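Some notes on the structure that comes next.
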Amino acid sequence: MMFSAVLVNPPGGDPGVYLEMKYRRRALMFDLGEIYNLPPRKILKIEYICISHTHMDHFIGFDHLVRLCLGRNREIALYGPPGFLGQIEGRLGAYNWNLVEEYVNDFDIVVTEVSPEGWQRTRRFSCRHGFRPEGEGEERPFDGLLCADRYFSLRGAFLDHRTPCLAFRLEERRRINIRKDALAELGLPTGSWLNDLKDCLIDDRPPDFPVRIRWKEAGGMKRERQVPLGELVEKIVRITPGRKIAYITDAVYSAANARTILALAGGVDILFIEAPFLHADADQAARKHHLTARQAGLLAGTAGVKRMIIFHFSPKYRGREEELYDEAAAAFRENRGRRETPV
Ligand SMILES: [Zn+2]
């Protein structure tokens, strides 16, 4: 498994999912409410942050993040809805940065504002320049893809929350597993060379590409071996499809939103989906442009997700969380395998 995904806060707390790439010291986040539950060492691994919309509970953690990263060598890419660039500029412009020009390290925030009209614009806010945005920004078309990396791709789609609200899908490229038993049989050590091996596969190196294996013996003696990539693949590697994770929050239950959610979240391994209200309070949910637990379960069932994790519970159900879980789980079972979601 490469990505692990957990809610940062209890389900009644601010939204935020922390996605960590194992063994790579890298992490992503979906939304950025309060993040005091995350230890600084975890916050400092974050490289990408996807913001659904800028209601306070989804974005208040930004200042905490910036404060921790000050003076360090970091680059963080942020993605957000219409108006996002101006909001980041305003947020950073609210502080006095007269001392940062002396910092040795570069801390850059690279912000992309995504538009439902099919474009995305990116600007850089550099600590060294007092976080004043640079240039006019680079504009390119938005067809659903936010970014693609060697290891994963990130997609976004707009939902209606009486304001455009982004939903996200993270997709790992194929997953490369090491068969530890086979490793032992061949007398090969574990270690960082296994990451190099995975990178060789990600970069599509040819089968005769020599993979360098270096290790220290118990007595401290350094050993080295070179094995052709093809041989290692045959003997110790198993390739499986990558993990898919989707994040849906703050959406009214409508036919249009249901279509978008099913298209984005179809077949994912884990679906994080908001469930702020019980269905008995469906009127209130609709007025506030949110889903009920039943609606979340129905959508997850139709989307054919392997696992559903609900969150963003309204404080009115404090102490009654089980009812929300039960209602969502029942609807999930009821709608599993159905191709339609009743709206
Ligand atoms: Zn919200």
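Count Lys and Arg as plus one, Asp and Glu as minus one, and take only other residues whose Cβ is under 10 Å from that of GLU113; the net charge is then +1. Measuring nothing but how far apart in sequence close Cα pairs (under 8 Å, 6+ apart) lie, relative to its length, the chain scores a relative contact order of 12 percent. Taken per residue, the accessible surface of the stretch 175-240 reaches 63 Å², heavy atoms only and a 1.4 Å probe.
Count the net charge of all other residues whose Cβ sits under 9 Å from the Cβ of GLY137, scoring Lys and Arg as +1 and Asp and Glu as -1. Show your work: numbers first, answer last.
Details: positive: ARG121, ARG123, ARG124; negative: GLU113, GLU134, GLU136, GLU138, GLU139.
That works out to -2.
Scanning the chain for GluC sites (Glu not before Pro) in DSSP loops with at most 13 neighbouring Cβ atoms within 10 Å leaves 218-339 as the longest stretch between them. Kirkwood hydrodynamic radius computed over the chain comes to 22.0 Å, based on all pairs of distinct alpha carbons.
Computed from backbone phi, the HN-Hα couplings of the stretch 221-233 come to 6, 7, 10, 8, 9, 10, 10, x, 3, x, 5, 5, 4 Hz, rounded to whole numbers (Karplus: 6.51 cos²θ - 1.76 cosθ + 1.60, θ = phi - 60°; Gly and Pro given as x).
Per 0.36 nm of contour for each residue apart, how much would the distance between ASP160 and ARG140 grow if the chain were fully extended, relative to their Cα-Cα spacing?
Working: separation 20, 0.36 × 20 = 7.20 nm, distance 2.31 nm.
Answer, rounded to one decimal: 4.9 nm.
Loop-located trypsin sites (Lys or Arg not before Pro) in the stretch 268-343 (DSSP state other than H, G, I, E, B) with a sparse environment of at most 11 neighbouring Cβ atoms within 10 Å: ARG318, ARG320, ARG339.
In µm²/s, what is D for the stretch 186-305 at 4 °C and 1.567 mPa s, where D = kT/(6 pi eta Rh) by Stokes-Einstein and Rh is the Kirkwood radius from Cα pairs? Estimated diffusion coefficient is 71 µm²/s.
Suppose the chain between HIS129 and VAL110 were pulled fully straight at 0.36 nm per residue; how much longer would it get relative to their current alpha carbon spacing? Before the final figure, lay out the partial values.
Values: separation 19, 0.36 × 19 = 6.84 nm, distance 1.34 nm.
Separation in residues times 0.36 nm, less the Cα-Cα distance, equals 5.5 nm.
Max-minus-min Cα coordinates of the stretch 1-146 on each principal axis give 39, 39, 29 Å, with the largest extent listed first. Distances between placed amide hydrogens fall under 5 Å for TRP119 paired with PHE142, all partners being 5 or more residues away or on another chain.
How many percent of the alpha carbon pairs in the stretch 175-240 exceed a separation of 19 Å? Intermediate values should be presented prior to the final figure.
Values: 562 of 2145 pairs.
Pairs farther apart than 19 Å: 26 percent.
Karplus-derived 3J(HN,Hα) values for the stretch 282-299, using 6.51 cos²θ - 1.76 cosθ + 1.60 with θ = phi - 60°, are 4, 4, 5, 4, 5, 4, 8, 6, 10, 8, 9, 4, 4, 4, 4, x, 4, 5 Hz; glycine and proline are entered as x.
In this label model, LYS316 and TRP215 are separated by 6.0 nm, measuring between points 7 Å along each Cα→Cβ vector. For the pair ARG307 and ALA184, a Förster radius of 25 Å applied to the C-beta separation gives a FRET efficiency near 0.20, rounded to the nearest 0.05. In this structure, the amide hydrogen of LEU78, modeled 1.01 Å from its nitrogen in the peptide plane, lies closer than 5 angstrom to those of ILE49, VAL110, VAL111, THR112, counting only residues at least 5 positions away or on a different chain.
Think of it as helices only: each DSSP H run of n ≥ 4 in the chain is worth -39500 (n - 2.57), and spread over all residues that comes to -7500 deg cm²/dmol at 222 nm. Would you please give the FRET efficiency between ARG259 and SER4, computed as 1/(1 + (r/R0)^6) with r the Cβ-Cβ distance and R0 = 30 Å, to the nearest 0.05? Rounded to the nearest 0.05, the efficiency is 0.50.
For the pair ILE202 and ASN73 in one chain, pulling the backbone fully straight at 0.36 nm per residue adds 43.8 nm over the alpha carbon distance. Here the 3J(HN,Hα) profile of the stretch 267-273, calculated from phi with Karplus coefficients 6.51, -1.76 and 1.60 at θ = phi - 60°, is x, 6, 6, 10, 10, 8, 9 Hz, Gly and Pro shown as x.
Surface composition of the stretch 300-343: carbon and sulfur make up 47 percent of the accessible area, probe 1.4 Å.
In whole percent, how big is the carbon plus sulfur part of the accessible area of the stretch 175-240, probe 1.4 Å, protein atoms only? Carbon and sulfur: 46 percent of the exposed surface of the stretch 175-240. For the stretch 1-146, the solvent-accessible area works out to 46 Å² per residue, with a probe of 1.4 Å and every protein chain left in place. Straight-line reach from LYS235: which lysines fall under 18 Å, measuring Cα to Cα and dropping same-chain residues less than 8 apart? Of all the lysines, those that pass the test against LYS235 - Cα under 18 Å, at least 8 places apart if same chain - are LYS180, LYS198.
Rounded to the nearest percent, how much of the accessible area of the stretch 1-146 (1.4 Å probe, protein heavy atoms only) is carbon and sulfur? Let's see the in-between values first.
On the way: 3320 of 6740 Å².
That fraction is 49 percent.
Which loop trypsin sites (Lys or Arg not before Pro) in the stretch 111-177, with loop taken from DSSP, have no more than 12 other Cβ atoms within 10 angstrom of their Cβ?
Working: sites: ARG121, ARG123, ARG124, ARG128, ARG150, ARG155, ARG162, ARG169, ARG173, ARG174, ARG175; in loops: ARG150, ARG162, ARG173, ARG174.
Taking the stretch 111-177 and a limit of 12 other Cβ atoms within 10 Å, the loop trypsin sites (Lys or Arg not before Pro) found are ARG150, ARG162, ARG174.
The values are calculated or read from the model by the stated rules, or taken from the named source; none is laboratory data. Since we're looking at a predicted model, the values are computed, not measured. Heads up, the Cβs are rebuilt from the backbone with ideal geometry, glycines too, and the neighbour counts pull from every protein chain shown. Only protein heavy atoms, including side chains, enter the accessible area calculation; ligands, DNA and RNA are left aside. Shrake-Rupley method; radii C 1.70, N 1.55, O 1.52, S 1.80 Å.
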